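Comments concern the structure below.
The values are calculated or read from the model by the stated rules, or taken from the named source; none is laboratory data. Given the structure is predicted, the values throughout are model-derived calculations rather than measurements. Cβ coordinates were reconstructed from backbone atoms using ideal geometry, including for glycine residues, and neighbour counts include every protein chain displayed.
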Amino acid sequence: MTDPATQAKQVVEAFLERSMVPDPEGAAKYVSADLKIAFTGGRAFTAPAQTAAFNAKRYAWVKKRFIRTDAVQDHETGDVHVYNTGHLYGAWPDGTAFDGNRYIDIFTVRGGKIVETQIWNDSAEILLDRAGLAEAPL
């Protein structure tokens, strides 16, 4: 029998793999009906299709290179908190390639489904730098 933390890590990585295709319908199989997403900049979404639509405007294409996935179970609630970190790579809308864009995605998995996620990355800082608006070099 798989322990809850290992199972939650598998759910999160399967969700992320489907999200990168992008296949929001496939990704939706891993989330609860009442999903809460806090996306970059604090944007609130409730479905993988919404984040895919946002990414389609920000990037020509984007993928994640996983560095690690960690999970810990809250023994009081049964929830499992999963942390997936790595780098984004892809191309901006103008076709310029990028790599090494740090990210961390934080998930709460309950009953085998993702109920909440927070997405953080360096894209906004990189875009500010590209526009000459960064306060200091990256």
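Tabulated values for the structure
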quantity	calculated
Filtered residues of the range 33-62 (kept if surrounded by fewer than 16 Cβ atoms within 10 Å (Cβ to Cβ) and either of a type in the set (D, E) or in a strand (DSSP E or B) (or both))	A33, D34, K36, A38, R43, A44, W61
Per-region count, the range 80-111, residues free of Cβ contacts under 8 Å to residues at least 12 places away in the same chain and touching a Leu at 6+ places or on another chain (Cβ under 9 Å)	0
Filter result (in a helix (DSSP H, G or I) and in contact with a Lys or Arg (Cβ under 7 Å, 6 or more places away or on another chain)) within the range 7-32	L16, M20, G26, A27
Only listed residue being at pLDDT below 95 and more than 14 Å from the chain's Cα centre (by Cα), chosen from T40, T2	T2
In the range 112-138, the residues that are assigned to a loop (DSSP other than H, G, I, E, B) and in contact (Cβ under 8 Å) with a residue 40 or more places away in the chain	G112
